[in-house]
């Protein structure tokens, strides 16, 4: 953001931005090879019983429009590049919510030859929702906790940038780490 | 062929109580059998490790520090747990309970996801 | 005047997909609005489960295989458990069989309701989507109160089931079925008479009986084309032996027929659950199965909500299986999508795809072919190179993505 504005104006503008961000975060859902359980539960949060839209959250099709990336699944090797690409297409500030045991640590699939054992090994994660799958209420709980944390000043973002650069470098260097498995 | 078959449902819903749960504001009722995070009772545990062996997601680690003094340490990784309940099924002593456990587990960091429990060592009275 | 020369181009859809919740990639060649060719690219959800089963015990595998698919999780667990029980020579108590059937049918109800919503959503009928998912919550509540989890119920153990049904549960189920039956009558009326929705379904994606047989379609997709194919009738298993099912078929084979067949199957499920609950056998709900399973091979077929599900289990006498092979229903139906899409408008493709009730997490199994020239399968790199060349030959550039 340009810093031509004087300080009080800038502060007021930041407040408005934060207010807008908390009241209408748009989300994108990415399935990186999960079993569908979490995805259906995320979809269920949008339906009348849970109605996530009352928090201003809208599920978006395009990563360019989204602020929050809701990611499920243990990240299969084929989906990894797509996940990084989707993440990079989102504009700052962006937040990642990992939903389900396999997105957190690989869960039941940890050690399988074709998975990355969790979203955190590929992109930085801001909120974790354990469960297999979490109940829709637990997903709402996690997103509300994430939105609550946004009211505090955002942490330094260089950290996240480095992780993603490292991940991209790793791909360029060794694109197919799973080649030993036929 | 007719038009607007769902119109009655949609317009009728305007005059009904909302179906939506007011969840974060009001807590929801959960069924009795709901499987939440695992609760370990250290007193009855014999440290056999069957739960850790049968766990499909390697979420439980039982470490026997001193077998004689029945001194065990249990590490439970909530972020790996699939809440399948096999550990409860495998435990012969009934030391593990999953029903009615905590389910609102979301967190902004990974720290709360590793629970370490320890059974204090028995004080063996020396009779000589 | 000469006819205008049309230009073909390819529309890539997916894997991050605005409509479907699962990763799948489609390359659809269009001439104007008309589809001329469709290529499906699978494998985004391939996790290597079959290989992983070879390093885990039978008890662990039960839960691993249940998580092949989050929608029809119980039926995966049932197929594996029943196969292992056959190998071990264990007779499962009748009450456990009955409870397995009830949960399987409840799962079928939830799966079909889910599909009805997704299908309606693809057709742009969001009112039906929202209302069917609202009513689906009734089934989800039942499953949660019986098993303790909304999805991935983990109801099976080797040798029986974990949970018993109490009188309160039975009362709840019967009450919920009455409500659902009334709603289902309404939905059947909507999908067969609503004019705006029929324009999206009637005569779209028509698959003749012959095509269904040639393309190897199974499950409700085949039954909508008049092919009577249902494992619950061909080879009854568990409690289906005592409680026969009547299959619903339709001759039209278009999307409308698939909607009608699936919704009519719901009535059959309601009837079946009521019938089983009426005389629920008393007794134990599980027997002990030894950890080491005797040497042998077993194949087991069950009817998942999407069609026939096949399990092959090979045991070498230890507590770890030496091979588990899974064939899921969606992979059999996927060829029909690719064939049926040709000649339709691009806007109809999502509807045709939704018509088979796809489940990509079920789908992504890997097949390795051992050739006679001594090669021991392909390495990951070779497989990728082959894939890239394959698509290049078909003038679709699929170079590895450059990230960064």
Item to complete: Kindly list the number of the only condition in (1) in contact with a strand residue (DSSP E or B) (Cβ under 9 Å, 6 or more places away or on another chain); (2) facing chain B (nearest Cβ under 8 Å); (3) modelled with pLDDT under 90 that fails for residue A:110.
Response: (1)
Worksheet item: Restricting attention to the range B:80-92, does a residue exist that is surrounded by 17 or more Cβ atoms within 10 Å (Cβ to Cβ), more than 14 Å from chain A (Cβ to nearest Cβ) and modelled with pLDDT under 85?
Response: no
Item to complete: Kindly indicate whether residue A:130 is facing chain B (nearest Cβ under 8 Å), surrounded by 24 or more Cβ atoms within 10 Å (Cβ to Cβ) and touching a helix residue (DSSP H, G or I) at 6+ places or on another chain (Cβ under 8 Å).
Response: yes
Worksheet item: Residues in the range C:320-330: is at least one closer than 20 Å to residue A:40 by Cβ, out of contact with any strand residue (DSSP E or B) (no Cβ under 7 Å at 6 or more places or on another chain) and not in a strand (DSSP E or B)?
Response: yes
Item to complete: Output the number of the condition that residue C:211 fails; it satisfies all remaining conditions of (1) more than 14 Å from chain B (Cβ to nearest Cβ); (2) surrounded by fewer than 21 Cβ atoms within 10 Å (Cβ to Cβ); (3) touching a helix residue (DSSP H, G or I) at 6+ places or on another chain (Cβ under 8 Å); (4) at pLDDT 90 or above.
Response: (4)
Item to complete: Consider residue A:127 carefully, then state whether it is over 26 Å from residue C:61 (Cβ atoms) and touching a residue at least 40 places away in the same chain (Cβ under 8 Å).
Response: no
Fill in: Residues located in the range C:142-179, provided they are free of Cβ contacts under 8 Å to residues at least 24 places away in the same chain and farther than 22 Å from residue B:81 by Cα
C:166, C:167, C:168, C:171, C:175, C:178
Worksheet item: Failed condition for residue C:244, given (1) touching a residue at least 40 places away in the same chain (Cβ under 8 Å); (2) more than 14 Å from every other protein chain (Cβ to nearest Cβ); (3) under 22 Å from the mean Cα position of the chain (by Cα), with all others met?
Response: (1)
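Kindly establish whether residue C:151 is within 21 Å of the chain's Cα centre (by Cα) and surrounded by fewer than 18 Cβ atoms within 10 Å (Cβ to Cβ).
So residue C:151 does not fit the description; no.
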Fill in: All positions within the range C:80-111 that are touching a helix residue (DSSP H, G or I) at 6+ places or on another chain (Cβ under 8 Å) and within 25 Å of residue C:49 (Cβ to Cβ)
C:80, C:81, C:82, C:84, C:92, C:100, C:103, C:104, C:106, C:107, C:108, C:110
Practice prompt. Looking at (1) part of a helix (DSSP H, G or I); (2) away from chain A (no Cβ under 14 Å), find the lone condition where residue C:136 falls short.
Written response: (2)
Response to the item:
Restricting attention to the range A:54-79, the residues that are under 24 Å from residue C:44 (Cβ atoms) and crowded, with 22+ Cβ neighbours inside 10 Å number exactly 13
Worksheet item: Only one of these conditions is not met by residue C:283: (1) within 22 Å of the chain's Cα centre (by Cα); (2) in contact (Cβ under 8 Å) with a residue 12 or more places away in the chain. Which number is it?
Response: (1)
Worksheet item: Among the residues of the range C:272-302, how many are more than 17 Å from residue C:88 (Cβ to Cβ) and either in a loop (DSSP other than H, G, I, E, B) or in contact with a helix residue (DSSP H, G or I) (Cβ under 9 Å, 6 or more places away or on another chain) (or both)?
Response: 13
Worksheet, complete the sentence: Out of (1) in contact with a strand residue (DSSP E or B) (Cβ under 8 Å, 6 or more places away or on another chain); (2) farther than 27 Å from residue A:86 by Cα, the one residue C:55 does not meet is (1)
Worksheet item: Taking the stated definitions as given, is residue A:97 surrounded by 18 or more Cβ atoms within 10 Å (Cβ to Cβ), at positive phi and touching a residue at least 12 places away in the same chain (Cβ under 8 Å)?
Response: no
Worksheet item: For residue C:27, are the conditions met, namely being facing chain A (nearest Cβ under 9 Å), touching a residue at least 12 places away in the same chain (Cβ under 8 Å), under 22 Å from residue C:363 (Cα atoms) and outside any loop (DSSP other than H, G, I, E, B)?
Response: no
Worksheet item: Across the range B:1-53, what is the total count of residues that are out of contact with any helix residue (DSSP H, G or I) (no Cβ under 8 Å at 6 or more places or on another chain), in contact (Cβ under 8 Å) with a residue 60 or more places away in the chain and not in a loop (DSSP other than H, G, I, E, B)?
Response: 5
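Listed here are the residues, each with its yes/no results for (1) farther than 24 Å from residue B:105 by Cβ; (2) outside any loop (DSSP other than H, G, I, E, B); (3) touching a helix residue (DSSP H, G or I) at 6+ places or on another chain (Cβ under 6 Å); (4) within 11 Å of chain C (Cβ to nearest Cβ).
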{"position": "A:59", "(1), (2), (3), (4)": "no, yes, no, yes"}
{"position": "A:82", "(1), (2), (3), (4)": "yes, yes, no, yes"}
{"position": "A:87", "(1), (2), (3), (4)": "yes, yes, no, yes"}
{"position": "A:120", "(1), (2), (3), (4)": "no, yes, no, no"}
Practice prompt. Kindly establish whether residue A:150 is more than 21 Å from residue A:37 (Cα to Cα) and either modelled with pLDDT of 90 or more or more than 8 Å from every other protein chain (Cβ to nearest Cβ) (or both).
Written response: yes
Item to complete: For residues that are more than 7 Å from every other protein chain (Cβ to nearest Cβ) and not in a loop (DSSP other than H, G, I, E, B), scanning just the range A:24-37, find the one that is surrounded by the fewest Cβ atoms within 10 Å (Cβ to Cβ).
Response: A:26
Worksheet entry | Restricting the range A:39-53 to residues that are more than 7 Å from every other protein chain (Cβ to nearest Cβ) and over 15 Å from residue C:137 (Cα atoms), the residue that is surrounded by the most Cβ atoms within 10 Å (Cβ to Cβ) | A:52
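Conditions tested, residue by residue: (1) crowded, with 23+ Cβ neighbours inside 10 Å; (2) closer than 20 Å to residue C:264 by Cβ; (3) within 14 Å of chain A (Cβ to nearest Cβ).
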| site | (1), (2), (3) |
| --- | --- |
| C:104 | yes, yes, no |
| C:107 | yes, yes, yes |
| C:131 | yes, yes, yes |
| C:160 | yes, no, no |
| C:171 | no, no, no |
Practice prompt. Considering only the range C:217-237, state which residues are closer than 17 Å to residue C:111 by Cβ and not in a loop (DSSP other than H, G, I, E, B).
Written response: C:219, C:220, C:221, C:222, C:223, C:231, C:232
Worksheet item: Is one or more of the residues making up the range A:62-69 at pLDDT 90 or above, outside any helix (DSSP H, G or I) and within 30 Å of residue B:84 (Cβ to Cβ)?
Response: yes
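Restricting attention to the range C:179-201, and to residues there that are surrounded by fewer than 14 Cβ atoms within 10 Å (Cβ to Cβ) and out of contact with any helix residue (DSSP H, G or I) (no Cβ under 9 Å at 6 or more places or on another chain), which single residue is nearest to residue C:349 (Cα to Cα)?
The residue in question is C:199.
The values are calculated or read from the model by the stated rules, or taken from the named source; none is laboratory data. Just so you know, these numbers come straight off a predicted model, no measurement behind them. Every residue, glycine among them, receives a Cβ derived from its backbone with ideal geometry; neighbour counts consider all protein chains shown.
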